[in-house]
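Participant: Below: one structure in structure tokens.
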Amino acid sequence: MSSEIPEPGNANPALEEAKAFLVQKFIQKIDSLPPYMVMEAMLLDDDAALAMIVQKRDKPPKPLSVKVRNELAFAKMKDRAFVSVAAAYELIKSNEVCTILGITKQAISLKAKAGDVVAYTKDRRKYFPAFQFHENKIKPGIGNLVKALGIDTTDIPQVNMLIGWLATYMDYYGEPDEGVPRWTLLEEEGAFSIIIQDFKNRLEMGK
């Protein structure tokens with residue numbers, strides 16, 4: 001006994017009923033899913049979306065703890081801070097500083113520890129703002145500032161903050177619209193004392 005194959009255009013009631021039944025079951029399945037799965041499925045190709053919807057899934061992932069969320073937020077904040085520093089300065093690496101000064105990396109490390117130069121630390125790599133060097137020598141301004149402020153050169157967050165802060169503008173010449181980055185005023189005797197006091201105030205505000 002053979003079943004008749006309906007001609008194109010002719011409705012097959014049994015087939016249409018089966019389709020409607022499957023569609024209804026599929027809708028019920030979607031309605032039973034957690035919202036995050038529905039949103040994930042929407043972003044997938046058709047076959048992958050269907051597979052995600054019909055397969056058995058475990059419970060949604062456990063929400064991140066406050067501690068982990070804070071760690072992630074802090075990491076993003078550090079990335080944004082480095083982007084700002086890289087935009088404000090010409091940053092050079094240790095090997096380039098070696099070439100400029102004609103010294104070894106060990107010697108540069110000792111000078112950084114002594115506070116004669118500063119480097120922004122990102123992912124354990126050191127980036128030296130180029131303003132510290134002139135005619136193959138270290139300019140004294142930054143070293144004088146580090147010593148005057150009593151900066152702990154082993155305190156990476158504080159050194160990074162100092163470098164970032166020195167890129168902020170100061171209206172030393174009395175024209176707010178003509179402000180200049182603080183690092184450009186380190187050799188100005190009058191500005192130097194103001195910079196020291198401003199940074200101390202900044203540290204007090206951060207406590």
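Participant: I'd like the full set of residues that are surrounded by 10 or more Cβ atoms within 10 Å (Cβ to Cβ) and either modelled with pLDDT of 75 or more or within 30 Å of Lys62 (Cα to Cα) (or both), limited to the stretch 1-13.
Facilitator: Here is the first cut: in the stretch 1-13, the residues surrounded by 10 or more Cβ atoms within 10 Å (Cβ to Cβ) are 6, 12.
If the condition is that a residue be surrounded by 10 or more Cβ atoms within 10 Å (Cβ to Cβ) and either modelled with pLDDT of 75 or more or within 30 Å of Lys62 (Cα to Cα) (or both), then Asn12 is the only one that fits.
Participant: Can you list residue pairs whose Cβ atoms sit under 7 Å apart, with the first residue in the stretch 37-52 being touching a residue at least 12 places away in the same chain (Cβ under 8 Å) and the second being among the basic types (Lys, Arg)? Count only pairs 6 or more apart in sequence or on different chains.
Facilitator: Listed pairs, sorted by first residue: Met37/Arg57.
Participant: Restricting to the stretch 79-104, and then to whatever is of a type in the set (S, T, N, Q) and within 28 Å of the chain's Cα centre (by Cα), can you tell me which residue is surrounded by the fewest Cβ atoms within 10 Å (Cβ to Cβ)? Working first, answer last.
Facilitator: Within the stretch 79-104, the subset of a type in the set (S, T, N, Q) is 84, 94-95, 99, 104.
After this cut, where a residue has to be within 28 Å of the chain's Cα centre (by Cα) as well, the list is 84, 94-95.
Working: Ser84: 13, Ser94: 17, Asn95: 10.
Here the answer is Asn95.
Matching residues to (1) open to solvent by 70 Å² or more (accessible area, probe 1.4 Å); (2) touching a helix residue (DSSP H, G or I) at 6+ places or on another chain (Cβ under 7 Å):
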{"residue": "Lys113", "(1), (2)": "yes, no"}
{"residue": "Val118", "(1), (2)": "no, yes"}
{"residue": "Arg124", "(1), (2)": "yes, no"}
{"residue": "Pro157", "(1), (2)": "yes, no"}
{"residue": "Gly179", "(1), (2)": "no, no"}
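Participant: Within the stretch 24-44, how many residues turn out to be at pLDDT 75 or above, open to solvent by 60 Å² or more (accessible area, probe 1.4 Å) and not in a helix (DSSP H, G or I)?
Facilitator: Qualifying residue count for the region: 1.
Participant: Can you name every one of the helices (runs of 4 or more DSSP H) wholly within the stretch 95-207 that holds 3 or more residues which are farther than 24 Å from Val83 by Cα? Lay out the reasoning, then the answer.
Facilitator: Details: elements: 105-114, 140-149, 156-166, 189-206.
By residue number, 105-114, 140-149, 189-206.
Participant: Of all residues in the stretch 31-54, which are touching a helix residue (DSSP H, G or I) at 6+ places or on another chain (Cβ under 6 Å) and not small (Gly, Ala, Ser)? Steps first, please.
Facilitator: As a first pass, look at the stretch 31-54 and keep what is touching a helix residue (DSSP H, G or I) at 6+ places or on another chain (Cβ under 6 Å): 41, 49, 52-53.
Of everything in the stretch 31-54, those that are touching a helix residue (DSSP H, G or I) at 6+ places or on another chain (Cβ under 6 Å) and not small (Gly, Ala, Ser) turn out to be Met52, Ile53.
Participant: Out of all the residues in the stretch 67-94, which are basic (Lys, Arg) and part of a helix (DSSP H, G or I)?
Facilitator: Pass one, the stretch 67-94, residues basic (Lys, Arg): 67, 69, 76, 78, 80, 93.
Within the stretch 67-94, Lys67, Arg69, Lys76, Lys78, Arg80 meet the criteria.
Participant: Determine which single condition Phe131 fails, assuming it passes every other condition in (1) open to solvent by less than 70 Å² (accessible area, probe 1.4 Å); (2) free of Cβ contacts under 8 Å to residues at least 40 places away in the same chain.
Facilitator: Only one criterion is unmet by Phe131, namely (2).
Participant: Might you let me know whether the stretch 67-77 holds any residue that is touching a residue at least 24 places away in the same chain (Cβ under 8 Å) and open to solvent by 50 Å² or more (accessible area, probe 1.4 Å)?
Facilitator: The answer is no, given that none of the residues of the stretch 67-77 is touching a residue at least 24 places away in the same chain (Cβ under 8 Å) and open to solvent by 50 Å² or more (accessible area, probe 1.4 Å).
The values are calculated or read from the model by the stated rules, or taken from the named source; none is laboratory data. These numbers were taken from a predicted model, which means no experiment stands behind them. Positions of Cβ are backbone-derived with ideal geometry, glycine not excepted, and every protein chain shown enters the neighbour counts. Each accessible area value is taken on the protein alone, full model and side chains, heavy atoms only, with ligands, DNA and RNA left out. Shrake-Rupley method; radii C 1.70, N 1.55, O 1.52, S 1.80 Å.
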